[in-house]
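So the structure is just underneath, and the comments pick up after that.
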Amino acid sequence: MIGIDVSEDMIRIARKNAEGKNVKFLVGDANKMPFEDDSFDLVVSTGSLHHWRNPVNVLNEIYRVLRPGRKALIYDLWGEAPKELLRGKLTELGYSFTAGLIAYGIVRMHSITSSELMKILREEGNFFKEYTIEEGWKSYPVVKVTLLKSLKTI
């Protein structure tokens, strides 16, 4: 398992959290990943899509490093998550009403909407033609995108 992030601080935290596990972390840019074509059986991105300046470029890099017939899973905060969903999940996890208000503000500022996702996925030049979008993934204020790299190469 390999993780990349543009932030040295995040890599340092990830390495500390994964001590003793068979995981390697690299400082790297998702726009130009330091991996060979068709290197991975699975690519997962969590909480970063809304930061990507050129999302189609990153998606195409994911496509490049993913083996044919394999999936990429992209998770990010869902900007259209109903307040009730967020409130319910925070209550379930034991957070206060105040923490819920703060979390709601964070979700609204650092998230992506389903319409923004569809626009990115339909953009000309995106190599992924097969995908699904799941809103409110597992009752979290998260949107999950599953991308499938076809067996035919572009």
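For segment 51-122, trypsin sites (Lys or Arg not before Pro) meeting the loop criterion (DSSP other than H, G, I, E, B) and having at most 11 other Cβ atoms within 10 Å: 53.
Full extension of the chain between residue 46 and residue 21 gives 7.1 nm of extra length, using 0.36 nm per residue less the Cα-Cα distance. Once Cα extents along the principal axes in Å is worked out from the coordinates, which option in (1) 81, 43, 27; (2) 49, 39, 24; (3) 42, 38, 29 does it equal? Looking at Cα extents along the principal axes in Å for this model, the match is (2). Take the alpha carbon gyration tensor of segment 2-60, find the square roots of its eigenvalues, order them as a ≥ b ≥ c, and report rounded if a/c is under 1.5; if not, report prolate when a/b exceeds b/c, else oblate. Cα axes put segment 2-60 in the oblate bin. In this structure segment 1-149 gives 62 Å² per residue of accessible area when probed at 1.4 Å with all protein chains present.
First compute the accessible area of the chain with a 1.4 Å probe, then give the percent of it belonging to carbon and sulfur atoms. The nonpolar share, carbon plus sulfur, comes to 54 percent. Across the chain, Cα pairs under 8 Å and at least six residues apart give a relative contact order of 24 percent. Classify segment 56-104 as rounded, prolate or oblate from the Cα gyration tensor: take a ≥ b ≥ c as the square roots of its eigenvalues, call it rounded if a/c is under 1.5, otherwise prolate when a/b beats b/c and oblate if not. Verdict is prolate for segment 56-104. Potential lengthening of the chain between residue 31 and residue 60 amounts to 9.6 nm, from the contour at 0.36 nm per residue minus the alpha-carbon distance. Summing Cβ point charges (Lys, Arg +1; Asp, Glu -1) relative to the Cα centre of segment 12-70 gives a dipole of roughly 280 debye. Note on residue 92 and residue 129: with the Förster distance fixed at 41 Å, the Cβ-Cβ geometry gives a FRET efficiency of about 0.65. Look at the dipole of segment 6-154 built from charges on Cβ: of 106, 74, 94, the Cα furthest out on the positive end belongs to 94. Using the Cβ-Cβ distance between residue 1 and residue 106 with R0 = 22 Å, the FRET efficiency computed as 1/(1 + (r/R0)^6) comes to roughly 0.20. Let's see if you can work this out: charge +1 on each Lys and Arg Cβ, -1 on each Asp and Glu Cβ, no other charges. What is the dipole magnitude of the chain about its Cα centre, in debye to the nearest 20? Roughly 200 debye for the chain.
The values are calculated or read from the model by the stated rules, or taken from the named source; none is laboratory data. Just so we're clear, the structure is a prediction, and the values are computed from it rather than from any experiment. Here Cβ is always computed from backbone atoms with ideal geometry, including for glycine, and neighbour counts include all displayed protein chains. The area values use the complete protein model at the heavy-atom level, side chains included, leaving out ligands, DNA and RNA. Shrake-Rupley method; radii C 1.70, N 1.55, O 1.52, S 1.80 Å.
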